[in-house]
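S.K.: First, the structure itself, so that you have it in front of you.
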Amino acid sequence: MDRDTLLLMGVIVIVLIVLGSAYTVMYRGVAPSLLGTYTEAQKTQPASQTQTTGTQAAPFSFVDRFLSIREFSVNYDLKVNMSKIGELSVYLKGDKYRLDLSMKNIQYTIIRSGNSNVVCSKPAGEDWSCLQSGSVEEAIQSTGEENLRDPVGEGSKLGSPSYNGSRNYAGQKGYCYYAKETSGELEVLREVCITDKGVPVYYLYMEKTNNIITKRIEAIAKTISSSVQDNVFNPPAAPS
């Protein structure tokens, strides 16, 4: 191999090295800014469900759109730390509301009708028993189930959430909004996805300590109905 050939090969190698460095800088430095930012909630969603927001503005105000229709029911899978522990159902019709939790060994039903709030429970193999309660929130607390979350009640607490893109649940497009709270090393994230009619189709509650997820509770819609029968709001047993 003569000297000129060696020099030519050396020039080619140098050019390839320079081009490779430029490619690395370009795609490592620019691509992340084009992809936008993700919350932890988005990172854990299946790729087919997640859409990045980039600089996309929220399509509507969450507060204005949430529960804009007053009749619907939704059945959810309830998951804790990515494992299904039961099913959750909500029913709304006018000022009447019902929340059901069904797990392997027990069922709960909470009903609000006018000024009346009732909480009912049914351990496996036993009959229903119902008690009066001061509010839906108090009824939830009385069950002692720390993983029982109310997508409707939790959504009502999101005062000025940030938009987080859209994802599909139960065949419907959900527009997702989230809020974060920080207290010392603890960070709490809440996310609610709603349809364009304000129906909650996804709820996430997540705690992180020192940037490590310590608790994750999700309600993921499976079915949605736009009509609710009045007898749904009858307690399964007379309140005592």
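S.K.: What FRET efficiency would be calculated for the residue pair D196, S83, taking the C-beta separation as r and a Förster radius of 30 Å, to the nearest 0.05?
M.R.: Efficiency at R0 = 30 Å is approximately 0.45.
S.K.: Next up: Taking just the C-alpha trace of the range 46-177, give me its Rg and Dmax in Å.
M.R.: When restricted to the Cα atoms of the range 46-177, Rg and Dmax are 16.6, 54 Å.
S.K.: Okay, next question. State the extension gain, in nm to one decimal, for the chain segment bounded by I106 and S142, taking 0.36 nm per residue of separation less the distance between their alpha-carbons.
M.R.: Net length gain for the segment: 11.5 nm.
S.K.: If we sort 59-66, 104-111 on the protection proxy, mean other Cβ atoms within 10 Å, highest first, what's the order?
M.R.: Highest to lowest by the protection proxy: 104-111, 59-66.
S.K.: Report, to the nearest whole %, how much of the accessible area of the range 136-232 belongs to carbon and sulfur atoms, 1.4 Å probe, protein only.
M.R.: Heavy-atom surface of the range 136-232 belonging to carbon and sulfur, 1.4 Å probe: 40 percent.
S.K.: Let me ask something else about it. Expressed in whole Å with the largest first, what are the equivalent ellipsoid semi-axes of the range 99-240 derived from the C-alpha gyration tensor as the square root of 5 times each eigenvalue?
M.R.: They are 29, 20, 14 Å, listed from largest to smallest.
S.K.: Could I ask something else about it? Report the local net charge at A221: Lys and Arg +1, Asp and Glu -1, summed over other residues whose C-beta lies under 15 Å from its C-beta.
M.R.: -1
S.K.: Something else: Can you work out ³J(HN,Hα) from phi for every residue in the range 220-235, in order, using Karplus 6.51 cos²θ - 1.76 cosθ + 1.60 and θ = phi - 60°, giving whole Hz and x for Gly and Pro?
M.R.: With coefficients 6.51, -1.76 and 1.60, one gets 10, 4, 10, 9, 9, 10, 9, 10, 9, 6, 4, 5, 4, 8, 8, x Hz.
S.K.: Counting only Cα, what are the radius of gyration and maximum Cα-Cα distance Dmax of the range 81-136, in Å?
M.R.: 12.4, 36
S.K.: Name the lysines eligible as straight-distance cross-link partners of K173: C-alpha to C-alpha under 17 Å, and not fewer than 8 places from it in the same chain.
M.R.: Within reach: K197, K222.
S.K.: Right, something else. Would any residue of the range 121-135 have its amide N under 14 Å from a label point 7 Å out along Cα→Cβ of A237? List them or say none.
M.R.: Answer for this model: 121-132.
S.K.: Hey, what do the phi angles of the range 125-131 turn into as Karplus ³J(HN,Hα) couplings, whole Hz, using 6.51/-1.76/1.60 and θ = phi - 60°, x for Gly and Pro?
M.R.: x, 10, 8, 5, 9, 10, 9
S.K.: Which three extents, in angstrom, do the Cα atoms of the range 192-231 have along their principal axes, listed largest first?
M.R.: Ordered largest first, the range 192-231 gives principal extents of 46, 24, 15 Å.
S.K.: For K122, what accessible area in Å² do you get when you roll a 1.4 Å probe over the heavy atoms of the protein chains, rounding to the nearest 10?
M.R.: K122 exposes around 50 Å² with every protein chain in place.
The values are calculated or read from the model by the stated rules, or taken from the named source; none is laboratory data. Keep in mind the model is a prediction, meaning the values are calculated, not measured. Here the Cβ is made from the backbone with ideal geometry for all residues, glycine too, and neighbour counts use every protein chain on show. With ligands, DNA and RNA removed, areas are computed over all heavy atoms of the protein, side chains included. Shrake-Rupley method; radii C 1.70, N 1.55, O 1.52, S 1.80 Å.
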